[in-house]
Ligand SMILES: Cc1cc2nc3c(=O)[nH]c(=O)nc-3n(C[C@H](O)[C@H](O)[C@H](O)COP(=O)(O)OP(=O)(O)OC[C@H]3O[C@@H](n4cnc5c(N)ncnc54)[C@H](O)[C@@H]3O)c2cc1C
């Protein structure tokens, strides 16, 4: 398949499944860098492109957890969002977003509005088609794919880019007896679900990472009075940002470590060296994150598995930080004793007429039987059981078009981010965009990495189709 700008033949059709941040980012890159070369159709049931699970939230307590100066839809223009934010006037409407040192942590909904407004001109011009419908099946056809959507429409596509990243959270088996009970809240990003919780309710939150942080900040903003217990296997909470921003510290991409153990020791040594210079550990972890692709590429599969299985929870809490406003809310509730964080896991649950009973096994072997009015799931999207939690991935796997990666982080892709099928062969026309490709590329969940990955996949698609790649200037601001 070859196409170029100015061709008079039919344009290749690219179907992008999922128009959250990664899918919209890819559409944007293709539309900007090869105007008119493709028919770009994005399947996304949400009203707006670019927002996805993270930035569709309407809850004002949900804030971005990376300063605005590092969040951009356009990797070639890292300050794109920061400028938009200042021009938009949001910081005047929400002064709590601004830290005394100038860093801004606005509401996630505001970032969603920015992403949607950035891509909107391309939708209005017809460069990108937004199908407001979920893709329900993708099947191989001669020379391409047939994508069926929830409205029964079928699109014939030459290429598919898969970006339906975050599958629905799944309750742990121990909570199976609570399935279907309205007092078990599975989708905690849904503001209405939290609105319905009575102020005095006793709550159990399963999970202590960023989703728990979101929930606690929302509850505090609502004036929740009831006792809150949060539990996770390691009892680790996402850490905060340093008091003052600074440069990354450490060179992990030079002569990179070959084992997980050596990497950890090197990070510890570097943190100690940074501390001796009066610099916080966050600057070291920022360097690890920035150099993530080189670090990951140097590790054999066995070591990557070790990191994914044993070290990931520690990495997650140091790398995914909470916004200062959210960190303060958690500290306030812990200080007053309203929020208790336990290390352990639920092992059984039952429903009573008045409350839900959950049996918790604590680290060290202790047991804790608690009665709760509401149990909230904060374990995050169910990536580990991708084929079950995402029917469309299950259907692609059943047809042998994709397979799970050997590390258990998502889908197996090659170095161009093309999907690897059940037979181990790389597809020439099925791409994976965003966090599901992280087993190959390493850290790929945070927004800056996802934006760069969308740009990278666009380059892979352009190369594979021999479409000329037009270098583009930094885009104009999306605000009027
Ligand atoms: C709650 C949350 C908060 C976060 N906050 C931050 C932050 O503050 N800073 C940061 O750097 N990173 C943050 N992240 C990480 C990062 O920004 C996201 O992981 C990133 O948005 C991933 O983009 P994505 O497009 O891959 O997934 P998403 O943006 O979730 O997009 C996936 C899209 O696929 C759609 N979809 C699903 N199934 C189908 C289907 N069958 N057909 C069509 N469409 C489908 C969904 O509707 C969704 O819109 C956060 C992540 C989460 C989950």
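When every Cα-Cα distance of the chain is counted in 10 angstrom steps from zero, the calculated P(r) takes the values 4, 19, 28, 28, 16, 4, 1, 0 percent. With helices as the sole contributors, the chain gives -9500 deg cm²/dmol at 222 nm; each DSSP H run of n ≥ 4 counts as -39500 (n - 2.57), and the sum is divided by every residue. Spin-label model, residue 79/residue 351: points 7 Å from Cα along the beta carbon direction are separated by 5.5 nm.
For region 79-160, the normalised intensity computed at q = 0.15, 0.16, 0.22, 0.26 Å⁻¹ comes to -0.71, -0.75, -1.00, -1.20 (log10 of I(q)/I(0), Debye sum over alpha carbons, equal scatterers, no solvent). Rg/Rh, computed from the Cα trace of region 260-319 with Rh as the Kirkwood radius, has the value 0.97. Shape call for region 182-316 from the C-alpha gyration tensor, a ≥ b ≥ c root eigenvalues: rounded (a/c under 1.5), prolate (a/b greater than b/c) or oblate? Prolate is the answer for region 182-316, as a/c is 1.5 or above and a/b outweighs b/c. Distance between the modelled labels on residue 384 and residue 359, one decimal in nanometres: 2.1 nm (7 Å Cα→Cβ projection). If the segment from residue 262 to residue 294 were pulled out straight at 0.36 nm per residue, it would be longer than the present Cα-Cα gap by 10.0 nm.
For the chain, what's the relative contact order in percent, using C-alpha pairs closer than 8 Å and at least 6 residues apart? Walk me through the numbers before you get to the answer.
Values: 948 pairs, mean separation 101.2, N = 480.
Worked out over the chain, it gives 21 percent.
Between residue 124 and residue 468, full extension at 0.36 nm per residue minus the direct alpha carbon distance yields a gain of 121.5 nm. What FRET efficiency comes out for residue 414 versus residue 331 if R0 is 51 angstrom and r is the Cβ-Cβ distance? Round to the nearest 0.05. With R0 = 51 Å, the Cβ-Cβ based efficiency is 0.70. Taking the square roots of 5 times each eigenvalue of the Cα gyration tensor of region 271-410, largest first, gives ellipsoid semi-axes of 32, 29, 14 Å.
Contour minus end-to-end for residue 273 and residue 96, with contour as 0.36 nm per residue of separation and end-to-end as the Cα-Cα distance?
Between residue 273 and residue 96, full extension yields an extra 60.3 nm.
Region 231-287 and region 17-63 have Cα centres spaced 32 Å apart.
The Cα center of region 91-133 and the Cα center of region 346-378 differ in position by 39 Å.
Read the figures in this text as sums done on the coordinates, not as results from a lab. Not measured: the values here are computed from a predicted model. Using ideal geometry, Cβ is built from the backbone for each residue, glycine included, and neighbour counts are taken over all protein chains shown.
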